[in-house]
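Comments concern the structure below.
Every number here is computed from the coordinates shown, using simple stated rules; none is lab data. Just so you know, these numbers come straight off a predicted model, no measurement behind them. Positions of Cβ are generated from backbone atoms using ideal geometry, with glycine treated the same way; all protein chains shown enter the neighbour counts.
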Amino acid sequence: MSSAAEPVVIRSAVQSRITHRVNALAELRTVLDGLAAAPWTRTLDLIGHSTREAKLLRLGTTVIDMCKPSVASWFEQLAADAVLDRLGVVAVRLLGCETAATPTSQLTIRLLASVLGMPVYGTRKIVLRSHYTDEGFDSRFTHVLIESTQLPNPPRRLF
């Protein structure tokens, strides 16, 4: 797996996408803090590769695993500081291969949704470059996404 910076896309129907590349959660916070508040709603797309077994999203050098105290506390602080609220973010999407396909990744999605107080989506299948347009994730492939409340309970593999 590469530790190269991964894209973060903030997208709204009113404004075209805003794209930044980050190498870790600390860099993501810096990017988010530097963005202007929005009078419209946005989706925050975190794009990267997933880990081999657990299918957790890797954002640069950071694995988004809500069972890791450092990751959980990072997102808890983000929520406490109302950063996503200020930006008009109403949903987060973990866009990588099968980021909702395993019980471990499903737990992370549920915990992240609970901490952020908003829908969090993962992917059921492999995501390829062809799933994206110049504007970001192609809406023709929303069937690949699954929202935290739609995940199986108890968690089970989706493939």
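Neighbour counts of C-beta atoms inside 10 Å place R52, R58, R129, R29 in the sequence R129, R52, R29, R58, starting with the fewest. Listing T43, T99 from fewest to most neighbouring C-beta atoms within 10 Å gives T43, T99. Projected onto its three principal axes, the C-alpha set of the range 100-159 covers 35, 27, 14 Å, listed from the longest axis down. Rounded to the nearest 5, the antiparallel percentage of DSSP beta bridges internal to the chain is 70%.
Which log10 I(q)/I(0) values, to two decimals, does the chain give at q = 0.09, 0.15 Å⁻¹ under the Debye formula with one point per Cα? Cα-only, vacuum Debye calculation for the chain: -0.25, -0.74.
Here the relative contact order of the chain, from alpha carbon pairs under 8 Å that lie six or more residues apart, stands at 21 percent. The ranking of I18, I126, I47, I64 from fewest to most other beta carbons within 10 Å of each one's beta carbon is I126, I18, I47, I64.
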